[in-house]
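Accompanying notes for the structure given below.
The numbers here are math on the coordinates, done by the rules we state, and not lab data. These numbers come from a predicted model, not from an experiment. Glycine also receives a Cβ, built like all others from the backbone with ideal geometry; neighbour counts cover every protein chain displayed.
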Amino acid sequence: MNMRPTRPLRGQFCYRIHPLNSVFTAEVLAIFQALDELVVPEKDILILSDSFSALSSLKNISFHSPKVIQRLAAKIHIRKNLNQNIAFLWIPGHSGVSWNEKADSIAKQVSEFSPYIDWIVSEDILSHLKKQSFQIIEENYHKSKYQLLIGNIPDILTSSKWTGNRVQDRLIARIISKLITTPGLLYRFNFHLDPSCRVCNEINDISHILLKCQKYASVRVILWRKLNIVSANITYDVLLSHVLANKNQLLIFVQTLKYFDIDQLHPFGNKCFGSIVYSPFRRPLNYHWD
Ligand SMILES: [Zn+2]
């Protein structure tokens, strides 16, 4: 079986593709096109690619693989049925491998006059739309009155990768948006008569509880040490930035919340909740106050 490129390439190609396509798609399309255009009939084929992701995706193909990989695999399958041997070899990019360098320099010659492949991979369209819709949500939020009320909200998508379950998810979302049910919050919605903390005589909201309340001074010292917070006087945003720095910090924080009397295990009610006339939230995460 001779897979060495004993004869020079019959040709070369250089295409433009739609910018929505990912780099991964571009690499796979190049292999696709090479099989169509550059292959000598009835000869075995060796394809060199510096795209490790494309080759490993092809190697580990499954029902869930990207469509473009499935199409490439189908093409390879047809070629194999025609008794053509096809081998792939990964080569490091930008390392002086002469054919790779040549392919690179051809790619750089692309211009508006290069032929255009009018095809966008569905996965790339979806990921673009996803990105776009998050951008729109973010922009709308920044323009809305809630931005003034709540401030900048860290990316909930980052933290939801680290949380263990839906209850923790909801808890962190409420912490981030300062929507833990506290006397201070309920007072803002006219659901509670007295917003102040009985110990400190300050507005008893989640920010007070976590950052200031004397009741929790000792718990705070321990938490601050665990979260590597040096300054005793920090803002809510700074606390969040430490909490959301990594999975470990987030879990430490979630586990410590019960010592601040913030209930995460029984989000559907607690012993003190009878003192509230009505909850604005169907499933409140409660702060236990006296
Ligand atoms: Zn207090």
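Quick notes on this one:
- In a fully extended conformation the segment linking PHE113 and PHE52 would gain 19.0 nm over its present Cα-Cα distance, using 0.36 nm per residue.
- Long-range Cα-Cα pairs in the range 121-239 (distance over 21 Å), rounded percent: 54 percent
- FRET efficiency, LYS247 to SER177 (Cβ-Cβ, R0 25 Å, nearest 0.05): 0.75
- Distances between placed amide hydrogens fall under 5 Å for PHE88 paired with ILE47, all partners being 5 or more residues away or on another chain.
- For SER196, the residues whose amide H sits under 5 Å from its own are ASN204, ignoring neighbours fewer than 5 places away on the same chain, with H placed 1.01 Å from N.
- Entries in LYS131/LYS178; LYS75/LYS102; LYS80/LYS161; LYS80/LYS131 that, when Cα-Cα distance is taken, lie over 31 Å: LYS80/LYS161; LYS80/LYS131
- Under-5 Å amide H pairs with ASP50, H placed in peptide plane, nonlocal only: ILE91
- The range 169-223: chymotrypsin sites (Phe, Trp or Tyr not before Pro) in DSSP coil with no more than 10 other Cβ atoms inside 10 Å: none
- Shape call, the range 16-127: gyration tensor on alpha carbons, a/c limit 1.5: rounded
- Per-residue ³J(HN,Hα) for the range 52-67, Karplus 6.51 cos²θ - 1.76 cosθ + 1.60, θ = phi - 60°, Hz, x for Gly and Pro: 5, 5, 5, 5, 6, 5, 5, 5, 9, 5, 8, 4, 8, 4, x, 4
- Partner lysines for LYS226 [C-alpha distance under 18 Å; skip if fewer than 8 residues away on the same chain]: LYS212, LYS247, LYS258
- From most to least packed by mean Cβ count within 10 Å, the peptides 73-86, 197-210, 14-27 give 197-210, 14-27, 73-86.
- Derived scalar couplings ³J(HN,Hα) [the range 130-144; Karplus, 6.51 cos²θ - 1.76 cosθ + 1.60; whole Hz; x for Gly, Pro]: 4, 4, 5, 5, 5, 4, 5, 4, 4, 4, 4, 5, 5, 7, 8
- Potential lengthening of the chain between GLU123 and TRP99 amounts to 5.6 nm, from the contour at 0.36 nm per residue minus the alpha-carbon distance.
- Spatial offset of the range 70-136 relative to the range 191-215 amounts to 59 Å, using the alpha carbon center of each.
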